[in-house]
Structure formats: structure tokens, C-alpha cells
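The values are calculated or read from the model by the stated rules, or taken from the named source; none is laboratory data. The shown structure was predicted, so the numbers you read here are calculated from the model rather than taken from an experiment. Don't worry about glycine lacking a Cβ; one is built from the backbone with ideal geometry, like all the others, and counts go over all protein chains shown. SASA here: full protein model, heavy atoms, side chains in, ligands and nucleic acids out. Shrake-Rupley method; radii C 1.70, N 1.55, O 1.52, S 1.80 Å.
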Amino acid sequence: KGGDTVTCEVIGNTCYNDCLTASGQDQLKVETSTDTKVVKNNISMDPGNATSACFRLSSLTGYTGANNCWRQTTAGRNLVDSPNGNDTNIATWNTYSSGNDINQDPLFTNLGGRDFTLQSGSPCKDAGNAAGGVYLNGLNPSSTWPDNAATLNQSAYGTGYEIGAFVFDTGAPPP
């Protein structure tokens, strides 16, 4: 409605190859003129082709990003496509974003087997932004999709939120 503030939030997702898009598309897109754009704790790795970016943002106005992992394993491919241009270098992107996104291997448990849970040495473990509220829960790594999806309280495991969709569960009961 006229005069209302509109917020677009993209928080706690894991995308690999063409998981969310048709072949040749960018993985995460925020193409909106909304007042506020919040993009936190996402992993986007290896979009399907050379012209695709891990993340495309139509406007930096109202943008807040934090603790995302944009990863391309093929040299020269775009990590982020924004109004400031196509960025293949995370340091360049961080100069006009939050300054704390990473371009590192997220160390998925079994990428070939499409197991996108995190290994214990993952740079995404305990590295997320404490998004809170409706984002307090992340996917339980023992979930099966779509019939047995379960969540865990991110505050009860580790020292911080994870980047990506899955909570890193050590198997020990939460405190």
C-alpha cells in the first residue's frame, strides 16, 4: 500500500548449481525496489553457467547484507552482480556491502551426494549473523525432504548461527 515500508528478506538458504533457477540463471536474485533488502547467512555456490552470478542485486538502496558465502570454483566467474558491476573478487564486493561476506569452500559434507550439511571445519559454521525471530531455527541435518523436515534452534548449538540452511549438530544434547 502507498506509504508502507516494504521489506524483502533472504536469510539462511543454501543454493548449489541450478538448485533454485532454470539453467543459466543467477542463484539468488533480489530485483525489487522495496525500501529494505536484507540478505544474510546464505550460501550460493557454482551457478550453472559462465554468465550466472551467485547473487544479483538490482539496487544497493536499502540493502543490508551480512555473513554470506558466495562461492565460484571456476576462476573469472561472477560472485555478485550489482549496480556497481560484476564482481569476481569478494574484497571488491565487501567495499560496498557489509564487508563480511566470504568466498571460501563451505565444506559441504558430501557435495557429490547432494548432502549440503556442513563439515566440522567449515568456515560457515558459527559464522552467521544472529538473525533471531523467525530465523532462529535452521534445518536439522538429519531431516529428509520433503516428508520429514525438522528444525533446530540455532542458539542452542555452537557459538553462533550457521551460514546456510543447516544447523551444525555435534550430536550432543543442547545445553
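Summary table below
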quantity: Matching residues, the range 47-70, being surrounded by fewer than 19 Cβ atoms within 10 Å (Cβ to Cβ) and either under 20 Å from Ile163 (Cα atoms) or touching a Cys at 6+ places or on another chain (Cβ under 6 Å) (or both); calculated: Thr64
quantity: Tally of residues being surrounded by 14 or more Cβ atoms within 10 Å (Cβ to Cβ), more than 23 Å from Tyr16 (Cβ to Cβ) and not hydroxyl-bearing (Ser, Thr, Tyr) across the range 72-97; calculated: 1
quantity: Flag if Trp145 is open to solvent by 80 Å² or more (accessible area, probe 1.4 Å) and either more than 13 Å from the chain's Cα centre (by Cα) or on the phi < 0 side of the Ramachandran plot (or both); calculated: yes
quantity: The range 13-34, residues that are touching a strand residue (DSSP E or B) at 6+ places or on another chain (Cβ under 6 Å) and at pLDDT 75 or above; calculated: Thr14, Cys15, Tyr16, Gln27, Leu28, Lys29, Val30
quantity: Within the range 112-139, considering residues that are closer than 19 Å to Asn100 by Cβ and out of contact with any Asp or Glu (no Cβ under 9 Å at 6 or more places or on another chain), the one least open to solvent (accessible area, probe 1.4 Å); calculated: Gly132
